[in-house]
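The values are calculated or read from the model by the stated rules, or taken from the named source; none is laboratory data. None of these values were measured; they are calculated from a predicted model. A quick note on method: Cβ atoms are made from the backbone with ideal geometry, for glycine too, and the neighbour counts reach across all protein chains shown. All accessible areas refer to the heavy atoms of the entire protein, side chains included, with ligands and DNA or RNA removed. Shrake-Rupley method; radii C 1.70, N 1.55, O 1.52, S 1.80 Å.
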Amino acid sequence: MIDHPSYAVEPWCLRETALDLNVLAQSESLFALSNGHIGWRGNLDEGDPYGLSGSYLNGVHELRPLPYAEAGYGYPEMDQVMVNVIDGKVIRLLVDDEPFDVRYGELHEHERKLDFRAGVLDRRLEWSTPSNRRVRVTSTRLVSLVQRSVAAICYEVEALEQQVRIVVQSELVANEAPPPATGDPRVSAVLNDPWNSEFRANEDLRCELVHSTNVSNLRVAAAMDHEVDGPGSTRIRCESFDDLGRVTITATLEPGERLRVIKYVAYGWSAQRSKEALRDQVDAALDAALGAGWDGLRSSQTSFLDDFWDRADIEVDGDDEIQQALRFSLFHVLSAVVRSERRGIPAKGLTGNGYDGHSFWDSETFVLSVLSYTMPEAVEQALHWRHDTLAAAKERATSIGLRGAAFPWRTITGAECSAYWPAGTAAFHVGADVAGAVIRYLYVTRDEEFEKHAGLELLVETARLWSSLGHFDVLGGFRIDGVTGPDEYSAVADNNIYTNLMAQQNLRAASDLVERHREIADALEVDAAEVEEWRRAAAAMVVPFDHVLGVHAQSEGFTDHELWDFDATTEADYPLLLHFPYFQLYRKQVVKQADLVLAMLLRSDAFTFEEKARNFDYYERLTVRDSSLSACCQSVIAAEVGHLSLAYDYLAEAALMDLRDLEHNTRDGLHLASLAGTWIALVAGLGGMRESDSTLSFAPRLPEGITRLSINLVFRGRRLRVERTPTVTTYVLKSGDDLEMSHFDQSFIATTNGPTSFAASELDGEWATGPTPTQPQGRAPLHREPPTLREDEEAS
């Protein structure tokens with residue numbers, strides 16, 4: 001998309017200067033607005049045409065039976081599917097009785113702009129009807145980051161050349177037609193008419209609808225109200241039907257006259273509350289929005305984002321495209337979670353219905369990694385959601401004969417929704433990923449209240465799972481057999497190294513917390529013998545290593561498998577999961593996404609520099625990156641072992657995953673973890689940030705093409721900036737108490753009295769001396785040329 005001629009590269013916005021219906025669905029994802037509770041895709045105001053219409057509420061879903069040719073013991077029975085809720089963003093326009101539709105008449109100009117600092121979607125167009133009546137339409141759309149239940153639109157129509165009769169229809173629409181079904185497993189299931197009408201009402205400029213789902217028994221209320229400013233000819237009518245609420249505004253405009261409509265929308269949902277309670281809730285939210293007014297909503301949105309960018313912005317000099325992509329990524333990551341408040345984080349956020357709106361392990365591993373250092377209060381809420389689903393995870397563990405908590409591979413409510421056992425239930429690493437997010441959050445925040453309660457219980461119950469799932473072998477090693485790691489092209493393997501190392505971290509952290517909070521742990525029935533068992537298992541954890549090849553094995557025996565025939569695999573054969581049976585993938589050396597490489601990122605302490613370099617070189621030749629989760633991990637390790645150009649290439653792939661639609665499924669929603677991966681590749685990769693026992697360490701390096709990298713983050717109540725140029729690295733403690741830090745291997749104290757600087761030649765750290773690793777045929781990342789070369793190529 002970003003290299004589409006209609007898209008400009010700008011530092012603080014995503015601008016589309018012409019409308020191309022061939023990429024309409026993709027643009028709807030890019031221009032989506034969300035606050036973690038409400039999600040509105042970037043559909044055109046008038047509703048038609050659309051690629052995928054979408055209005056979502058986090059957690060709202062319908063149930064459907066999971067189909068099995070042969071059912072088995074412990075198989076999940078029901079799937080959860082995120083459903084389109086009542087659409088409150090539709091504003092239709094008629095000009096002299098002719099409906100505004102970009103496919104008819106003449107569209108003279110059309111521009112949309114997603115503003116990362118204002119948090120709004122602006123649209124400006126000029127259009128003539130088939131009978132040559134010309135109007136200008138401007139709209140600004142907002143999903144409030146401050147008022148959780150509120151969204152709003154400012155919509156304005158101006159007559160340009162002749163007198164025109166204008167009709168504006170502002171609507172609430174339920175049971176919109178779903179998209180056609182596809183065979184892609186990454187695309188959402190299709191559910192027709194999931195909503196039953198329970199209540200409708202209209203009065204003055206306000207409409208309300210209440211609907212409930214057929215099977216999951218969830219109830220949703222939506223209401224809208226308006227402020228209208230128009231000429232004396234303006235007339236207004238309000239009406240409601242079972243699946244439609246409509247406010248119709250008519251006016252006659254002379255050239256230069258305008259009709260301005262401000263639409264306020266409020267949502268609420270519940271599995272338990274009555275329709276009367278939900279009606280009261282959305283009425284109250286609407287009244288609060290009206291009290292703030294349009295200007296108040298915009299002002300609070302800007303103030304909120306000003307503070308966020310002060311704590312989170314990263315400046316990337318030398319590559320304007322990466323700069324824009326980074327801010328695009330951070331804006332959408334923030335928007336996906338900031339007001340989710342004890343709800344999961346869907347893999348696509350609330351930008352589309354891909355993956356049925358399910359949350360996966362990548363929320364904890366990628367998204368919460370970013371937010372821990374930029375918006376840690378949102379991380380607390382996300383981890384509380386996992387804690388709220390702990391009972392379901394414990395019940396799941398019991399049902400498959402284990403102790404502790406077995407968190408689901410994919411879910412909305414906390415119940416397992418994966419019908420494919422080898423890549424679902426067997427992916428027990430999800431528990432260690434949840435534990436890893438808890439450990440990271442506590443490391444960054446020192447949140448004692450969370451640690452003593454939700455944090456402790458999450459670590460205890462996940463540790464119990466590993467103790468139950470693994471066993472000691474005859475040599476005294478602790479084995480975890482028959483599990484699936486992050487690489488989905490390997491399954492039901494013994495001693496997956498990522499799973500084992502993350503479980504080891506989990507067991508150690510649980511032991512430490514229990515000893516710090518003995519009385520609270522007693523209430524969880526944790527005794528000294530159990531803690532000793534955890535410590536013994538962690539100390540004896542099996543970490544597979546191939547002594548012949550001199551590399552770690554992704555899982556036991558993996559390096560003995562036959563190599564995949566990459567020479568016979570064409571570009572059209574990717575992604576492999578859509579063209580080959582899993583049976584063939586599981587027994588060959590081919591890696592879908594970073595697994596061992598991810599372990600080297602998250603458990604950096606478990607590997608020497610030489611081991612990282614050898615491992616990276618070996619697994620680069622096997623990794624095909626059929627997952628959007630892989631590029632950022634490979635970027636980080638490439639940077640650490642000295643392959644800065646390759647790290648830059650992978651950074652660009654992660655950053656441009658959706659802006660260039662690299663996986664060809666951006667239409668179904670943004671790849672939230674890959675967006676988060678942009679930050680990870682910059683901060684942990686080029687910035688070299690690592691979490692040591694006591695504090696943060698950095699080893700920043702710049703590839704050719706980036707001339708300055710400036711990173712802002714928060715850490716233990718402080719605000720910090722790290723800046724690297726070709727000649728110097730500077731650390732600035734913007735606020736908070738003095739902080740002990742490390743630059744490469746040199747410790748220092750950062751204070752608010754002034755910056756601390758290190759000349760680039762003073763400390764370089766270890767550096768790779770071998771050749772740049774190669775990738776499977778046709779799977780190398782697109783090489784990132786320095787900007788001057790890119791400009792020369794574009795000019796030619």
Working with all protein chains in place, sort E315, E610, E451 by solvent-accessible area computed with a 1.4 Å probe, largest first. E610, E315, E451
May I ask which residue of Q163, H226, I314 lies farthest towards the positive end of the charge dipole of the chain, with charges of +1 (Lys, Arg) and -1 (Asp, Glu) on Cβ and the Cα centre as origin? H226
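Quick one: putting +1 on the C-beta of Lys and Arg, -1 on the C-beta of Asp and Glu, what dipole do you get for the stretch 38-106 around its Cα centre, in Debye to the nearest 20?
Numbers: 5 positive and 13 negative charges, 76 e Å.
Charge dipole, the stretch 38-106, about its Cα centre: 360 debye, nearest 20.
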Contour minus end-to-end for A391 and D546, with contour as 0.36 nm per residue of separation and end-to-end as the Cα-Cα distance? 51.8 nm
Probe 1.4 Å, all protein chains in place: accessible area of R518 in Å², nearest 10? 90 Å²
Please state the relative contact order of the chain as a whole percent: Cα pairs under 8 Å, 6+ residues apart? 11 percent
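So which of K452/K592; K348/K588; K394/K592; K348/K612; K348/K452; K588/K612 end up more than 28 Å apart by C-alpha?
Working: K452/K592 38 Å; K348/K588 30 Å; K394/K592 30 Å; K348/K612 31 Å; K348/K452 32 Å; K588/K612 22 Å.
Long pairs (Cα-Cα over 28 Å): K452/K592; K348/K588; K394/K592; K348/K612; K348/K452.
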Figure the gain on full extension for D96 and R446 (residue separation times 0.36 nm, minus the Cα-Cα span) and round it to one decimal in nm. 119.7 nm
According to the square roots a ≥ b ≥ c of the eigenvalues of the Cα gyration tensor, what is the shape class of the stretch 249-407, taking rounded for a/c under 1.5, prolate for a/b larger than b/c otherwise, and oblate for the remainder? oblate
Nearest 10 degrees, 0 to 90: what angle lies between the long axis of helix 376-388 and the longest principal axis of the chain (Cα atoms)? 80 degrees
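Please list Y73, Y104, Y498 in order of solvent-accessible area, largest first, computed with a 1.4 Å probe with all protein chains present.
Descending accessible area places them as Y73, Y104, Y498.
Would you list Y443, Y373 from the most to the least accessible area, probe 1.4 Å? Write down the numbers at each step before the final one.
Values: Y443 25, Y373 5 Å².
Heavy-atom accessible area, descending, gives Y443, Y373.
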Which value in deg cm²/dmol, rounded to the nearest 500, describes the helix-derived mean residue ellipticity at 222 nm for the chain, given -39,500 (n - 2.57) per DSSP H run of n ≥ 4 and division by the residue count? -9000 deg cm²/dmol
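How much FRET efficiency would the formula 1/(1 + (r/R0)^6) give for D204 and D280, where r is the Cβ-Cβ distance and R0 is 25 Å, rounded to 0.05?
Values: r = 18 Å, r/R0 = 0.70.
Between D204 and D280 the formula returns 0.90.
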Just read off the accessible area of W421 with the full protein assembly in place, 1.4 Å probe, to the nearest 10 Å². 100 Å²
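Based only on the alpha carbon positions, what is the Kirkwood hydrodynamic radius of the stretch 478-547, in angstrom? The partial results should precede the final answer.
Working: mean 1/r = 0.0753 Å⁻¹.
Evaluated over the stretch 478-547, this radius sits at 13.3 Å.
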Helix 275-312 axis, angle to the chain major axis (alpha carbon atoms, nearest 10°): 60 degrees
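Using a/c under 1.5 as the rounded threshold, could you call the stretch 31-102 rounded, prolate or oblate? The axes a ≥ b ≥ c are square roots of the C-alpha gyration tensor eigenvalues, and prolate needs a/b larger than b/c, oblate otherwise.
Values: a/c = 4.21, a/b = 2.55, b/c = 1.65.
The shape class here is prolate.
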Rolling a 1.4 angstrom probe over the protein chains, ignoring ligands and nucleic acids, what is the accessible area of K734 in square angstrom, nearest 10? 70 Å²
Please give the helix 390-399 orientation as an angle from the longest Cα principal axis of the chain, in degrees from 0 to 90, rounded to the nearest 10. 60 degrees
Between the stretch 338-369 and the stretch 510-538, what's the alpha-carbon centroid distance in Å? 31 Å
Counting pairs of Cα atoms in the stretch 240-296, how many percent are more than 13 Å apart? 73 percent
Global form of the stretch 328-418, assessed from the alpha-carbon gyration tensor, a/c cut-off 1.5: prolate
List, largest first, the extents of the alpha carbons of the chain along their principal axes, each in whole Å. 87, 60, 60
